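Okay, so here's the structure we're looking at.
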């Protein structure tokens, strides 16, 4: 039996608690033995209250402690742990393994996904990126990760930084392009809903094609007259700047091929 | 019986031919009576050859002629039609209704979707944006559009221009962000596949939330230290420029709220 403790009660912590309560592979002997939450109430809908503590000194013994708190708090929380030489990991995409206090064996357990509070996600399809300081700890992390997810990767700190930046591009930035789209729709009294099937198809394409194969549009075709018409149409300076820069970037890419 | 002729054999034309051959609402009395294609062979897999012509002078009489050719060719093709006062529409998002020759009644039949050759799409969920010069023609267009799609909108030229620009943002530009993501992955030897579940979830969110509600990430949180770490990490000038501009745009949006 592998005993897991989760420290934290935020968005990612809550999704992890739910996933470990209902593991994908029930045969795997993983048990979530305790959750640390400053506000005990905030996880009471997820786990029996007797398994919840708000006192670091009452943390039980476990094989792995998963610190799932905001990036800024990881170092401090890890230094608050009153034990030594146990496996302690964090769940952040952008924080180094070395941010964790060196009193314990350190690792990273980074689920690469955007989590929305109260929106159930299928953890089985969420990639979990693992890092550890030694092979035995890696094997332990691997077992724990595979109990909730079908896709587990060994990712070092440098690669994890790259993934975190890429996540900003493909998640935060694409969402911002949707936001700009909605602003233009509102300006011209068109319902944004009309665009949803196009958005869905754009993503269906990227599931089977490379971004290069999937690229279409006036910039890709070097269709100067359409590009000029679009630029003349955009009344918002900020929208225009972004239009120009992304168009130019697509055109430069075309030249490289 | 409403008789339809399609003029063109490109990507959109081929998807329209397939859709009219297999209409969503078979009860509707719509018939694709003829297809004009310069190269007869290019549509031979879609329709009986006896219904295909490569000669404008042999176009049969019909209730509606759908010109689905490249934007540049619309005006010329419409002026090659040897008849008058019939309903002639084009399928472009960016070309004015007035580009069509005024010898005939004019309209627009714009399916708002990204079409990939040889990839079947479910036309029923593709919004079709209609425009005409009078109400009777609109009714006809509406019947024809509703025979293949469940979502049909009256969209004037100004709104259609807006939609076309927005389509560039939410389709072409988001795909380019995937491309940048892939470039960063390659540089750091991470498989781009790890990002696919995140991309899929980003889009699932936008189907139920507004872009504003769905926005997350360091720019949204004004997490300066993560933003600075990302900027220091990006070695490609172009990636860095795009990162900075989109981050700034998200931050400016936050201030407006």
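Here are a few things to note about the model shown:
- Comparing B:81, B:209, B:195 in a Gaussian network model of chain B, where Cα atoms under 10 Å apart are tied by springs, the biggest mean-square fluctuation is seen for B:209.
- From helices alone, chain A scores -12500 deg cm²/dmol at 222 nm; the rule is -39500 (n - 2.57) for each run of n ≥ 4 DSSP H residues, then divide by the residue total.
- Ascending count of other beta-carbon atoms within 10 Å, so fewest first, for B:41, A:244: B:41, A:244
- Taking label points 7 Å from Cα along the Cα-to-Cβ direction, residue A:31 and residue B:70 give a separation of 6.9 nm.
- Packing-based exposure ordering (other Cβ within 10 Å, fewest first) of B:6, B:242: B:242, B:6
- Rounded tilt (10° steps) of B:224-233 against the dominant C-alpha axis of chain B: 80 degrees
- Placing a label point 7 Å from Cα along the Cα-to-Cβ axis, residue B:244 is separated from the same position in the other copies by 1.5 nm, shortest listed first.
- Modelled FRET efficiency - R0 56 Å, residue B:222 with residue B:102, Cβ distances, 0.05 increments: 0.50
- Among A:91, A:247, a tally of other beta-carbon atoms within 10 Å of each Cβ gives an order, fewest to most, of A:247, A:91.
- In chain A, the longest principal axis of the Cα atoms and the axis of helix A:11-21 are about 60 degrees apart.
- Relative contact order of the stretch A:160-256, pairs being alpha-carbon contacts under 8 Å that are 6 or more residues apart, as %: 19 percent
- Test item: A:206-214 mean partner chain Cβ contacts at 10 Å: 6
- Taking the centroid of alpha carbons for each part, the stretch B:1-65 and the stretch A:112-179 are 48 Å apart.
- Volume per residue of the C-alpha convex hull in the protein assembly as shown, rounded to whole Å³: 169 Å³
- When chain B is treated as a Gaussian network with alpha carbon springs shorter than 10 Å, the biggest mean-square fluctuation among B:221, B:105, B:160 belongs to B:221.
- Rounded to the nearest angstrom and listed largest first, the equivalent-ellipsoid semi-axes of the stretch A:110-257 from its Cα gyration tensor are 38, 19, 14.
- With the convex hull drawn around the C-alpha atoms of the stretch B:2-155, the volume per residue stands at 101 Å³.
- Computed from the C-beta positions of residue B:189 and residue B:22, the FRET efficiency with R₀ = 41 Å rounds to 0.35.
- Here the contact order of chain B, divided by its residue count and restricted to Cα pairs under 8 Å and six or more residues apart, works out to 13 percent.
- Highest mobility in the GNM of chain B, judged by mean-square fluctuation with C-alpha springs under 10 Å and restricted to B:184, B:67, B:17, is found for B:184.
- Helix B:157-167 vs. chain B, principal-axis angle (Cα, 0 to 90°, nearest 10): 50 degrees
- Given their separation in residues at 0.36 nm each and the Cα-Cα distance between them, residue A:231 and residue A:119 gain 36.5 nm when the chain is fully extended.
- Distance between modelled label sites at residue B:80 and residue B:58, nm, 7 Å Cα→Cβ extension: 1.5 nm
- With contacts taken as Cα pairs under 8 Å at a separation of at least 6 residues, the stretch B:20-95 carries a relative contact order of 25 percent.
- Within 10 Å of the Cβ of each residue in A:243-253, the mean number of Cβ atoms contributed by other protein chains is 5.
- For the protein assembly as shown, DSSP calls about 20 percent of its internal beta bridges antiparallel.
- Simple spin-label estimate for residue B:133 and residue B:238 in nanometres, 7 Å along Cα-Cβ: 4.5 nm
- Overall Cα dimensions of chain A - principal axes, largest extent first, Å: 68, 39, 35
- Prolate/oblate/rounded call for the stretch B:80-136, Cα gyration tensor, a/c under 1.5 rounded: prolate
The numbers here are math on the coordinates, done by the rules we state, and not lab data. Because the structure is predicted, anything quoted here is derived from the model rather than measured. All Cβ positions, glycine included, derive from the backbone under ideal geometry; neighbour counts span all protein chains shown.
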